[in-house]
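**Student:** Could you have a look at this structure, given as C-alpha cells, before my questions?
The values are calculated or read from the model by the stated rules, or taken from the named source; none is laboratory data. It should be emphasised that the depicted structure is a prediction, and the values quoted were computed from it without experimental measurement. Because the Cβ atoms are built from the backbone with ideal geometry, glycine has one as well, and the counts that use them run over all protein chains shown.
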Amino acid sequence: MNNHWLYETTLKGNLVTLVPLKREHADALVEAATDGELWNLWYTSVPNSETIDSYLNQAFTDQANGRALLFVVIDNTSQKIIGTTRYCNADPLNKRVEIGYTWYAKSFQKTGTNTECKYLLLTHAFETLNTIAVEFRTHWHNQASRAAIARLGAKQDGVLRNHQKSPEGIYRDTVVFSIIDQEWPAVKKSLEYKMTR
C-alpha cells in the first residue's frame with residue numbers, strides 16, 4: 001500500500017486555516033471542546049482532558065499507517081485552534097477517502113466554518129489527490145451532522161446497521177454519504193455560492 005498518498009499540507013481559506021495536527025495541540029483542542037462541553041454529546045467522540053491522549057494516540061497510529069491525515073482548524077481572525085478534522089479510512093489503491101472526526105467549538109458552529117473547511121478538504125481531495133469518491137459517515141442520531149452533510153451536496157448511500165459498539169455497549173447505526181468525482185464540479189459551484197452569502 002502506498003502510505004505516501006496522503007501527505008502533510010496546510011489548507012488556507014478566508015475564515016479558517018487547516019494545519020497538520022501535532023501533539024502539542026492537545027491542550028488547545030481540549031480548550032476548544034470545552035466551549036460547549038462537546039464530549040457530553042453521547043453520539044460523538046470529542047476528547048476531554050482525560051481522553052485527549054488516547055484520542056491522539058489512535059489518530060497518530062492511523063496516520064502512521066497511511067489511513068488518515070490529521071488537521072487542526074485555526075480561526076484566521078483570532079489565530080486560535082477551534083476544532084479538528086481529518087481524512088480517514090483512506091484507500092490509496094481505489095483513491096477513496098472519508099472526511100471525518102470533525103468538530104468545532106460551539107461558538108464556531110453554524111458560522112460558515114464547516115462549509116469552508118469541507119470546501120478546502122474536498123478541493124484538495126478531488127483536485128490534488130484525484131480521489132474518485134469522498135465519504136462522510138455519522139451516527140444515525142446525530143441529526144445536525146446528517147443535515148450538515150446533506151447541505152454540502154453529499155448524497156446518502158445507505159445505513160450500516162449495528163455498525164459499531166460503544167464502550168457502554170450501545171450499538172451505532174452509521175449513515176454513509178458520499179460525493180463522487182463526477183459530482184464535484186456542481187458541488188464545488190454550490191459551495192462557492194454558499195460561501196459568498
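**Student:** Just the residues that are hydrophobic (A, V, I, L, M, F, W, C), over 22 Å from R67 (Cβ atoms) and in a loop (DSSP other than H, G, I, E, B), please, taken from the range 128-162.
**Tutor:** W140
**Student:** Residues in the range 39-98 that are under 21 Å from H141 (Cβ atoms) and part of a loop (DSSP other than H, G, I, E, B): how many?
**Tutor:** The total comes to 9.
**Student:** For A125, indicate whether it is over 27 Å from F60 (Cβ atoms) and not in a loop (DSSP other than H, G, I, E, B).
**Tutor:** Working: over 27 Å from F60 (Cβ atoms): no; not in a loop (DSSP other than H, G, I, E, B): yes.
No, not satisfied.
**Student:** Please verify whether the range 47-58 includes one or more residues that are of a type in the set (D, E), closer than 26 Å to I170 by Cβ, surrounded by fewer than 16 Cβ atoms within 10 Å (Cβ to Cβ) and at pLDDT 90 or above.
**Tutor:** Within the range 47-58, one or more residues are of a type in the set (D, E), closer than 26 Å to I170 by Cβ, surrounded by fewer than 16 Cβ atoms within 10 Å (Cβ to Cβ) and at pLDDT 90 or above.
**Student:** Here is a follow-up. Between residues in the range 3-18 that are under 18 Å from D62 (Cα atoms) and residues that are in a strand (DSSP E or B) and not acidic (D, E), which pairs lie under 7 Å by C-beta distance while being six or more apart or on different chains?
**Tutor:** Between residues of the range 3-18 that are under 18 Å from D62 (Cα atoms) and residues that are in a strand (DSSP E or B) and not acidic (D, E), the close pairs are W5/A90; L6/L69; L6/Y87; L6/A90; E8/P20.
**Student:** Filter the range 99-122 for residues that are part of a helix (DSSP H, G or I) and farther than 26 Å from A186 by Cβ and give the result.
**Tutor:** Within the range 99-122, K106, S107, F108 meet the criteria.
**Student:** Scan the range 164-182 for residues that are touching a strand residue (DSSP E or B) at 6+ places or on another chain (Cβ under 8 Å) and closer than 24 Å to I132 by Cα and jot them down.
**Tutor:** T174, V175, V176, F177, S178, I179, I180, D181
**Student:** Look through the range 163-181, keep the residues that are farther than 17 Å from N89 by Cβ and either surrounded by 10 or more Cβ atoms within 10 Å (Cβ to Cβ) or in contact with a Lys or Arg (Cβ under 8 Å, 6 or more places away or on another chain) (or both), and return whichever of them is modelled with the lowest pLDDT.
**Tutor:** Here the answer is S166.
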